[in-house]
1. Restricting attention to the stretch 451-464, does a residue exist that is farther than 23 Å from GLY536 by Cα and in contact with a helix residue (DSSP H, G or I) (Cβ under 7 Å, 6 or more places away or on another chain)?
2. Please list, ordered by first then second residue, the pairs with beta carbon atoms under 8 Å, 6 or more apart or interchain, first in the stretch 336-350 and near the ligand (Cβ under 7 Å from one of its atoms), second among the acidic types (Asp, Glu).
3. Taking the stretch 578-600, which residues are hydroxyl-bearing (Ser, Thr, Tyr) and either touching a Cys at 6+ places or on another chain (Cβ under 7 Å) or over 30 Å from ASN99 (Cα atoms) (or both)?
4. Within the stretch 314-328, is even one residue within 16 Å of the ligand (Cβ to nearest atom), aliphatic (A, V, I, L, M), touching a strand residue (DSSP E or B) at 6+ places or on another chain (Cβ under 6 Å) and closer than 26 Å to VAL474 by Cβ?
5. Please specify each residue of the stretch 54-86 satisfying the condition of being in contact with a strand residue (DSSP E or B) (Cβ under 6 Å, 6 or more places away or on another chain) and within 18 Å of LYS173 (Cβ to Cβ).
6. Which of the helices (runs of 4 or more DSSP H) found entirely inside the stretch 312-423 contain at least 1 residues meeting this: in contact with an Asp or Glu (Cβ under 9 Å, 6 or more places away or on another chain) and closer than 20 Å to LYS265 by Cβ?
Amino acid sequence: MCGIVGYIGQRDTKEILLKGLEKLEYRGYDSAGIAIMNDEGVHVFKEKGRIADLREVVDGKVASTIGIGHTRWATHGEPSHLNAHPHQSASGRFTLVHNGVIENYVQLTRDYLQDVTLKSDTDTEVVVQVIEQFVESGLEVEEAFRKTLGLLKGSYAIALFDAENKETIYVAKNKSPLLVGLGDTFNVVASDAMAMLQVTNEYVELMDKEMVIVTDKKVVIKNLSGDVMTRASYIAELDAGDIEKGTYPHYMLKEIDEQPLVIRKIVQTYQDENGKLDVPGDVADAVAEADRIYIVACGTSYHAGLVGKQFLETWAGVPTEVYVSSEFSYNMPLLSEKPLFIFLSQSGETADSRSVLVQTNKLGHKALTITNVPGSTLSREADYTLLLHAGPEIAVASTKAYTAQIAVLGILAAIAAGKRDKELSFDLAHELGIVANAMEALCDQKDEMEMIARDYLTVTRNAFFIGRGLDYYVCLEGALKLKEISYIQAEGFAGGELKHGTIALIEDGTPVFALATQEHVNLSIRGNVKEVAARGANPCIISLKGLEEADDQFVLPAAHPALSALASVVPLQLIAYYASLHRGCDVDKPRNLAKSVTVE
Ligand code: F6R
């Protein structure tokens, strides 16, 4: 979703801002812009489309040592040059970029901007215009900024500069992520550390409803009452190499290939000195002592939660419910007496999930966030955090975070099971190692996946994924992967449910991918495949070694059936990848989507 960068220092800002925006491209956007300032004034460059398009319109001759930049994912107003950020006040004195949604922008316009003609359709422009109104009424800029922030309802991360002060960037945050990065002779602002890793790895976290005065030498954080807040900086443990594609054509392919390594790293990380699986603190006790677990997540993370539910219920014996965050927010079920909430979120910033966490915190319930991003909002605001250790996931379509979430949930459930005197009958660490090997073997079979994608998906307009039990949950994920990056309408279905209506959609040649990795339902899912084949479908059966039949299209290497999701999702990810490639889609940056969904 939208991204912000800012720089103030000694170097020419243009390239720093553009490179920073490129690093934020993965979040999803449809227009971009930068504003820089020098003795001749403020220069704003913006363009609909990609950063590459923006580069074309940036005047290489204009130099400046202060600037702000933005990638916009349209919410208020279509993606266009006009609606792209930065936005300027009526006189051109103030220039601002903003992430988030200002819910009361209509009211603000009515109350403060009767005499101002707005140039864009955005909620953002209202903010910069209100600031100018307050300055014109006699307030100092900092005071006008603070007063405006106090009026805003909704979410924001803001960077602002004033044409009459080339020494300062004003910054503020509420519910949308924003960091300030520190340097010796410069300071920066960024939606995430990756954007500015090119100049610094030292960052300061900002809390909601804080504003920051950033100069090249100083960073002063204040709350909205004007009190100065002190905060230690931290070193972002990111390797610049982690965020490069290297020799891979796409991040998604790189991230699929990284999965075996991530699983091994998770096992290593969550082991004590004797090699026994362990998680830090008393989070496993919290799981073991809960009378019910509520997993709350969106999209791919929700699908990982469904697999996690199986672990928590069958291994640890804790009743577990899984909810889509955006529904849970306003449709809360009757809660048990001693619930534990688990927020699954790769980014740790998803607004829908955060809105639930805010509510459950108010109710005084314990919460655990399982995330890939240390220090992310969901991590900071929950009682416990477990990290995924998957490394930065750049492709919009989540792959390695999904398998990492399943592995971490499995480890947590196994440890909680031990605490409830329900030791697993197998060695989970060992079995995860076997699954990692299976995933590696699958990653080496890309040619076969490419062939399947070519045969089944090159011309189709729709596809089905069917499975039972754990396989069903993986089918939901396989279908989501396919639709988001290839734009083929795809549905994941419980094998037994198809005949209750959806089978009407099966036509001659409709691709139906069936997962058969669960022995107790192997015959039934094969029966469901026969039903669709009899109606003309083109089935592709992916089974597990030991359960295979002669004409299965693909057989997964043997793995513990409870962990089969970790292996069976790999071919589905690869099939989606190749389908996207064959259909000429933008694999890493699919249309309309954002990586970090910071609006509700
Ligand atoms: C799909 C995908 C999304 C995310 C969802 C939640 O490939 O990535 O469905 O899983 O937006 O995001 P997080 O996990 O960051 O909360």
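1. Start the filter on the stretch 451-464 by keeping residues that are farther than 23 Å from GLY536 by Cα, which leaves none.
Among the residues of the stretch 451-464, not one is farther than 23 Å from GLY536 by Cα and in contact with a helix residue (DSSP H, G or I) (Cβ under 7 Å, 6 or more places away or on another chain), which makes the answer no.
2. GLN346/GLU393
3. Within the stretch 578-600, the subset hydroxyl-bearing (Ser, Thr, Tyr) is 578, 580, 596, 598.
Across the stretch 578-600, the qualifying residue is only TYR578.
4. In the first step, residues of the stretch 314-328 are kept if they are within 16 Å of the ligand (Cβ to nearest atom); the result is 322-328.
Subsequent filtering for residues that are aliphatic (A, V, I, L, M) retains 322, 324.
Imposing the further condition that a residue be touching a strand residue (DSSP E or B) at 6+ places or on another chain (Cβ under 6 Å) reduces the set to 322.
Pick out the ones that are also closer than 26 Å to VAL474 by Cβ and you get 322.
Among the residues of the stretch 314-328, at least one is within 16 Å of the ligand (Cβ to nearest atom), aliphatic (A, V, I, L, M), touching a strand residue (DSSP E or B) at 6+ places or on another chain (Cβ under 6 Å) and closer than 26 Å to VAL474 by Cβ, which makes the answer yes.
5. Here is the first cut: in the stretch 54-86, the ones in contact with a strand residue (DSSP E or B) (Cβ under 6 Å, 6 or more places away or on another chain) are 54, 57-58, 62, 64, 66-72, 79-81, 84-86.
Residues satisfying the conditions are ILE68, GLY69, HIS70, THR71, ARG72, HIS85, PRO86.
6. Working: elements: 325-328, 351-362, 377-381, 400-419.
Result: 400-419.
Throughout, read-outs are computed from the coordinates displayed, never taken from laboratory work. Quick caveat, the model's predicted, so the values are computed rather than measured. FYI the Cβ positions are ideal-geometry reconstructions off the backbone, even for glycines, and counts take in every protein chain you see.
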